[in-house]
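Please treat every number below as a calculation from the coordinates, not as lab data. Just so you know, these numbers come straight off a predicted model, no measurement behind them. Ideal geometry is used to build each Cβ from the backbone, glycine not excepted, and the neighbour counts take in all protein chains shown.
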Amino acid sequence: MRKRPLGQNFLIDLNIAHSIIQSANIQPGEPVVEIGPGKGVLTQLLLHQTDSLTAIELDPRLAKDLQNRFGNNPSFKLIEGDAAKFDYASLGTGLNIVSNLPYYAATHIMKKLIHYRNQIRSMTLMLQKEVVDRLTASPGQKEYGSLSVYVQYYCEIERLLEIPNTAFSPKPKIDSSLIGLAPLPQPRVEVENPKLFFKLVHSAFFHKRKMLKNNLKEWTHLFNQENGQSRLAGIDLNRRGETLSLEDFADLANHVHALTAP
C-alpha cells in the first residue's frame with residue numbers, strides 16, 4: 001500500500017475546486033503560484049486562467065506525476081521544493097497565491113508568504129477551519145490571539161467559503177475554510193517599532209487567562225498607578241490581552257517605545 005505523501009489530504013470535489021478558482025479572481029496576464037498542487041485538481045483549472053503558473057511541490061513522486069501531466073504546457077513551471085523555505089521574490093511581483101495548504105505546515109507557510117507581501121497581490125488559501133476562526137477573530141472572542149493580530153496587521157482578510165471534510169481524500173477529521181488575504185499597502189496601525197509591537201502582543205497572550213499586568217511584567221517599571229489600578233498608555237492592566245484591539249496594542253507599543261527609546 002502506497003504511503004500517503006506527507007500527510008496531505010487531496011481535494012477531490014470539482015465543484016469546490018471551481019469555487020476556489022472563482023474566488024481567487026485572477027485577472028488575465030497575472031502570474032499565479034500554486035503551493036502544494038498534490039494531484040493537480042486545482043492545477044488543471046488554473047492553467048485555463050493564467051499563462052504563467054508556477055507550482056511548488058515538496059513530494060518528489062507527486063512532482064514527477066505533475067511534470068508528466070502538465071510539463072508540455074508552456075504556461076506551467078514546476079519547482080520541486082519546500083514552500084516554507086522558498087524565495088518568492090525570485091518569481092517577480094504581482095503574484096496570486098492559490099493553495100490548499102497542507103495542515104501540518106499551513107501557519108508556517110502563510111507567515112512566510114506575509115513576509116514576501118510586497119511581491120504578492122493576493123492569497124487564496126484553504127486552511128483548517130479552526131485556524132481560520134483564529135485569523136478572522138475580533139477582540140473579545142475566545143479565538144482571538146497573537147496570530148489574529150499578526151495577520152490583521154499586514155492583510156485585509158475575507159472568509160470566502162466553508163469546505164466540508166467530504167471534499168477530500170483521505171477524508172480528514174476536520175472541516176476547512178477558504179480565505180482571501182490581500183496585503184495592505186501599509187500596516188493597519190501605525191507603529192514606531194514593529195518588533196516591540198509584536199513582542200508586546202506575544203507577551204499579552206502568553207498566558208491567555210492572565211491579566212495584562214501579569215503578562216507584561218517586563219514593563220512593570222513603566223506602569224502607572226491610578227486609583228489603585230495599574231495602567232499603561234491609559235489601558236487598564238486588569239484587562240486580558242484578548243480584549244485589546246490592534247489600535248490598543250499600537251498605543252501600548254508606541255507609548256513603551258517613547259519611554260524606552262534611547
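Calculated mean residue ellipticity at 222 nm for the chain: -9000 deg cm²/dmol, from DSSP H runs with n ≥ 4 weighted as -39500 (n - 2.57), summed, divided by the residue count and rounded to 500. Volume of the convex hull of region 5-183 (Cα atoms only), normalised per residue: 104 Å³.
Determine the shape class of region 54-133: with a ≥ b ≥ c the square roots of the Cα gyration tensor eigenvalues, call it rounded for a/c under 1.5, and otherwise prolate if a/b is greater than b/c, oblate otherwise. Note, shape of region 54-133 comes out oblate. Working note: Cα atoms of region 130-262, range along each principal axis, descending, whole Å: 57, 33, 20.
Using only the C-alpha atoms, the convex hull of region 1-101 corresponds to 101 Å³ per residue. So, R0 is 25 Å and r is the distance between the beta-carbons of residue 12 and residue 115; what FRET efficiency does that work out to, to 0.05? Between residue 12 and residue 115 the formula returns 0.20.
What pairs in 64/111; 39/142; 64/85 have C-alpha atoms more than 31 Å from each other? From 64/111; 39/142; 64/85, over 31 Å: 39/142.
Counting only alpha carbon atoms, the long axis of helix 60-70 and the longest principal axis of the chain meet at about 60°. For residue 217, a cut-off of 20 angstrom between C-alpha atoms picks up these aspartates and glutamates, skipping any fewer than 8 places away in its own chain: 226, 236, 242, 248, 251.
How large is the charge dipole for the chain, taken about the Cα centre, if only the Cβ atoms of Lys, Arg (+1) and Asp, Glu (-1) carry charge, to the nearest 20 debye?
On the way: 30 positive and 26 negative charges, 191 e Å.
For this selection, approximately 920 debye.
Annotation for region 69-147 versus region 19-45: alpha-carbon center distance of 12 Å.
Could you put 257, 207 in order, starting from the residue whose Cβ has the fewest other Cβ atoms within 10 Å?
Values: 257 16, 207 12.
Least to most surrounded, the residues fall as 207, 257.
Work through the residues other than residue 57 whose Cβ is under 13 Å from its Cβ and net out their charges, Lys, Arg +1 and Asp, Glu -1. Before the final figure, lay out each step's value.
Numbers: positive: 39, 61, 64, 69, 77; negative: 34, 59, 65, 80, 82.
Charge balance in the 13 Å sphere: 0.
To the nearest µm²/s, what D does Stokes-Einstein give for region 194-260 at 20 °C and 1.002 mPa s, using the Kirkwood radius over alpha carbon pairs as Rh? Calculated translational D: 184 µm²/s. For a straight C-alpha distance cut-off of 15 angstrom, the aspartates and glutamates reachable from residue 77 (same-chain residues fewer than eight places away being disregarded) are 30, 34, 51, 57, 65. Toward the positive end of the charge dipole of region 9-89, with +1 on the Cβ of Lys and Arg and -1 on the Cβ of Asp and Glu, the farthest Cα among 49, 60, 28 is that of 60.
Spin-label pair residue 236-residue 206: with each label point 7 Å from Cα along the Cα-Cβ axis, the two points sit 2.4 nm from one another.
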